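Read the structure below first, then the notes.
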Amino acid sequence: MARVSVAGIRTFVEGSKGKTVHIGVDVHKRSYSVALLRSDGAWKEWTAPSSPKALESTLLPLRSRIGAVVYEAGPTGFGLARRLTRAGIPVIVAAPSRIPRPVAATSKTDRLDGRKLAEYAATGMLRPIAVPSETEEGFRALVRRRHRLTDSIRHAKQRIRGLLLQFGIPEPAEIDHWGKTAVAEVGQLSLPPGADMTRDSLLRELAFLTQEREVIEETLRQAYRAPEHEGRVKALKTVPGVGEIVATTFAAEVFRPGRFRRPEEVASYLGLAPVVRQSGGGKARAQIRPVGQRRLRSLLVEAAWMWKQRDAAAEMFYRRILGRTGLPQKAIVAVARKLAITPWSLSASPVAA
């Protein structure tokens, strides 16, 4: 690793004659590639061990001169951002999808990535994302774990049905509901040697995943009874079509809802905002750019179908959009967008907080 002394970095920063510097960090599991940009275009670069504490110690003497330290959000989480913020060092955590990318293929290294981040920060081209607290991030991790278990349960069921199809075994009548009776009947089916052991293994896997999800769901119920979550979840569940799963997911993913100032910002964050494209004298066309909270967006669309069935006003709104576009997909996304604004308004209110 290319190392530099703290004194050397300080001397380099002092050469900027009182102007701020910007620092890009390409964060990895085992190392940080750091690029420091002075206002006169000069660079200081080094590679450091992956240690938020060590980077804080290096940058703390320069705190008053740092315009921003910027890095991409990723699997390493937000520990670095939280530590630097507590130390009074301004931090920008940028969403990878919001970072400008070159049109043509260019060289890509950790060093160049750090440089680009520093340059974008210096020119004001990066918009920071909200950094959750450790409690908020922990609650969100628990909610996401439940969703992953649900996905795993669905895949296990698909593998069991695939095994039966492979050997031409008729499925039990109640298998669509996957109740205890259907699972027991699957376990009693006669399969060739080897296939029966595979079936048994899959059933054990399904039982484990189902039990594990029950444990997580009970833990979640305890978690959202905490003062910081209880009011929000209760308020969210009053919205037609919004049940426990949508409410807890919304509370976890749209943490600190007061940071959104307008409904359009919420829709954009959820990937439900239409993006308009128009060129020359052609007709403007709007389409959804599927970025942001993929799981929550999917849940809101499902909830929108339920909402329009239960609420005459939602049904009328759906019909109006459907008549204008002729596409059920666009109409239901519009309903989902409208639905998302309601829980945001409720959770951002002082009562829900």
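The values are calculated or read from the model by the stated rules, or taken from the named source; none is laboratory data. Quick caveat: nothing in here was measured; it's all calculated off a predicted structure. Counting neighbours? That spans all protein chains shown, and the Cβs are built from the backbone with ideal geometry, glycine included.
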Practice problem: Check R159, R98, R86 and return the single one that is closer than 30 Å to F208 by Cβ, among the basic types (K, R) and either within 15 Å of the chain's Cα centre (by Cα) or surrounded by fewer than 18 Cβ atoms within 10 Å (Cβ to Cβ) (or both). | Solution: R159
Quiz item: Restricting attention to region 81-133, which residues are within 26 Å of Q293 (Cβ to Cβ) and hydroxyl-bearing (S, T, Y)?
Solution: T85, S97, Y120, S133
Exercise. Pick out the one residue from A252, A182, A207 that is under 30 Å from K338 (Cβ atoms), assigned to a helix (DSSP H, G or I) and at pLDDT 90 or above.
Key: A252
Exercise. Please verify whether region 199-217 includes one or more residues that are over 30 Å from I99 (Cβ atoms), of a type in the set (G, A, S) and out of contact with any Ser or Thr (no Cβ under 8 Å at 6 or more places or on another chain).
Key: yes
Quiz prompt | F78, sole failed condition from (1) under 18 Å from V131 (Cβ atoms); (2) aromatic (F, W, Y); (3) more than 30 Å from the chain's Cα centre (by Cα) | solution = (3)
Quiz item: Do the conditions hold for G77, that is, is it outside any strand (DSSP E or B), at positive phi and either hydrophobic (A, V, I, L, M, F, W, C) or surrounded by 11 or more Cβ atoms within 10 Å (Cβ to Cβ) (or both)?
Solution: yes
Quiz item: Quick one: S97 ticks every box in (1) assigned to a helix (DSSP H, G or I); (2) modelled with pLDDT of 95 or more bar one, so which box is it?
Solution: (2)
Self-check item: Selected residue (criterion: surrounded by the fewest Cβ atoms within 10 Å (Cβ to Cβ)) from residues of region 194-223 that are free of Cβ contacts under 8 Å to residues at least 60 places away in the same chain and more than 23 Å from H155 (Cα to Cα)
Solution: Q222
Quiz item: Of the numbered conditions (1) among the basic types (K, R); (2) surrounded by 13 or more Cβ atoms within 10 Å (Cβ to Cβ); (3) at pLDDT 95 or above; (4) within 34 Å of the chain's Cα centre (by Cα), R154 satisfies every one except a single condition; which is it?
Solution: (2)
Quiz item: So, of the residues in region 107-147 that are without any contact (Cβ under 8 Å) to a residue 24 or more places away in the chain and part of a helix (DSSP H, G or I), which turns out to be nearest to E217 (Cα to Cα)?
Solution: A141
Exercise. Would you check which residues across region 179-193 are more than 14 Å from L206 (Cα to Cα) and loosely packed, with under 11 Cβ neighbours inside 10 Å and list them?
Key: Q188, S190, P192, P193
Practice problem: Evaluate region 296-308: report whether one residue or more is over 21 Å from the mean Cα position of the chain (by Cα) and β-branched (V, I, T). | Solution: no
Practice problem: Just give me the residues in region 224-243 being among the aliphatic types (A, V, I, L, M) and either under 20 Å from the mean Cα position of the chain (by Cα) or not in a helix (DSSP H, G or I) (or both), in sequence order. | Solution: A226, V233, L236, V239, V242
